[in-house]
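Computed from the coordinates by the stated procedures, all read-outs in this text should not be read as laboratory data. These numbers were taken from a predicted model, which means no experiment stands behind them. Heads up, the Cβs are rebuilt from the backbone with ideal geometry, glycines too, and the neighbour counts pull from every protein chain shown.
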Amino acid sequence: MPAIQAVATAIPPYEVSQTEVANMVRDLFTDDFADIERLLKVFDHGQIETRQFVKPLEWYQEPHSFGEKNEAFIQNAVQLGAEAVEKCIAAAEANHDDLTAFISVTSTGIATPSIEARIMNKLQLPIHMNRIPLWGLGCGGGAAGLARAYEYCRAYPEAQVLVLCIELCSLTFQHGDRSKSNLIGTSLFSDGVSCALVVGDKVQLSNEPRPCITATQSTMLPDSERVMGWDVYNEGMHVVFSRDIPSIVHSWVGLNIVQFLERLGKTENDLTALVAHPGGRKVLEAYEDTLNLSANLTAPARKILANHGNMSSPTVLYVLEDILCENYPKGTEALATALGPGFSSELLWLEWR
């Protein structure tokens, strides 16, 4: 089965604490909400301590046009994306010339040619690589990218596929949007870049146990377009982020996961690790409650949430990178899960082989 040979991340340069961001938001929103101090408590309750941005905090205190923000997206995406790709190839002990496909995942900027083409030029990657840009999957994009790489490697067992996730959520901040959803979004989202190398059965790069993808499942909840996503106006992207997401995890996602496990002849008791996208504290608590999971299983996701915030699609690979540091033996089993616009669920079953 296709194996995740390596995972690497590239960390944006400006680290900020929740207190620093809360102070900035207080200055910007204080005239718009009489209960601003009550609303700012969201910065304390989300279990996030630090986040990373591609711009210094003072940059966000001034308005910027959609064009200016998108140009910043392209420049930083190419720079950080190339860094993550190089680190991933080195960690896998792979050869640039043997790479066969390049999946790039993003929802926070627009680029044509897409980001993977620009990185291919920058790093002089093979000109015959198949380019597969995925746009609009949001927080579910990292898991979806792995699933599409799995399918590609099943079809082409000699394949070596890069999955690069780039989200610069901070650049979508709307300075003039004084809505409560915009305020809440500033407490949660951040910037991040991650890359995985997925290889087919005919590729042997290491004898060390690595997670193999043995099954996947994509599911969309009908008539749920307004749960999560973007509204795009002249000034750029405005976040759509429903307060109902934790309850949807309880009522729909939990059952979806149980049905996926039943199809595989598995239960939650078979899990050694959980590669969960930490959409927020309440989402992780919903996973625990619905599936009766121990806090140990969600600990890696909570660690990434605390140190980096919700980076959208790259986040699940940050969690996987942390789990890989445990050097689990052959036979270890794990579930990877992420939620995104649609509203949709992406699931993968991993076995260390």
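Fewest Cβ neighbours within 10 Å first, please rank TYR233, TYR156 accordingly. Walk me through the numbers before you get to the answer.
Numbers: TYR233 11, TYR156 16.
With the fewest neighbours first, TYR233, TYR156 line up as TYR233, TYR156.
Each of TRP352, TRP59 was scored by other Cβ atoms within 10 Å of its Cβ. Listed from fewest to most, they are TRP59, TRP352. A simple packing score, the average count of other Cβ atoms within 10 Å per residue, orders the peptides 9-21, 308-320 as 308-320, 9-21, with the highest score first.
For the stretch 211-352, the equivalent ellipsoid built from the Cα gyration tensor has semi-axes of 26, 17, 14 Å, listed from largest to smallest. A Stokes-Einstein calculation at 37 °C with viscosity 0.692 mPa s, built on the Kirkwood radius of the stretch 27-101 over Cα pairs, returns a diffusion coefficient of 198 µm²/s. Within the listed set VAL193, VAL227, VAL275, the residue fluctuating most in the Gaussian network model of the chain (springs between alpha-carbon atoms under 10 angstrom) is VAL227. Net charge of the neighbourhood of LYS266, taken over other residues with C-beta under 15 Å away and scored Lys/Arg +1, Asp/Glu -1, is -4. Lysine pairs in the chain whose alpha-carbon atoms fall under 24 angstrom of each other, counting only those eight or more residues apart or on distinct chains, come to 17. When only Cα pairs below 8 angstrom with a gap of at least 6 residues are kept, the stretch 245-353 shows a relative contact order of 30 percent.
If you take the square roots of the eigenvalues of the alpha-carbon gyration tensor of the stretch 279-326 and sort them as a ≥ b ≥ c, do you get rounded (a/c under 1.5), prolate (a/b over b/c) or oblate? Provide the component values of the computation, followed by the final result.
Details: a/c = 2.10, a/b = 1.31, b/c = 1.60.
Oblate shape, in that a/c is at least 1.5 and b/c is the bigger or equal ratio.
Under the classification rounded if a/c is under 1.5, otherwise prolate if a/b is larger than b/c and oblate if not, where does the stretch 3-199 fall, given a ≥ b ≥ c as square roots of the Cα gyration tensor eigenvalues?
Working: a/c = 2.56, a/b = 2.21, b/c = 1.16.
Prolate is the answer for the stretch 3-199, as a/c is 1.5 or above and a/b outweighs b/c.
Mind ranking 79-92, 327-340, 130-143, 159-172 by how tightly packed they are, going by the mean number of other C-beta atoms within 10 angstrom, highest first? If you can, show how the numbers build up before the last one.
Numbers: 79-92: 21.2, 327-340: 19.6, 130-143: 22.9, 159-172: 28.0.
Most protected by this proxy first, the peptides run 159-172, 130-143, 79-92, 327-340.
Can you give the relative contact order of the chain as a percent, counting alpha carbon pairs under 8 Å and 6+ residues apart? Reported relative contact order: 25 percent.
With each label modelled as a point 7 angstrom along the Cα→C-beta vector, the ARG226-ASN207 pair spans 5.9 nm.
Starting with the fewest neighbours, write out ARG302, ARG353 ranked by other beta-carbon atoms found within 10 Å of each beta-carbon. Walk me through the intermediate numbers first.
Numbers: ARG302 16, ARG353 13.
Ascending Cβ contact count within 10 Å gives the list ARG353, ARG302.
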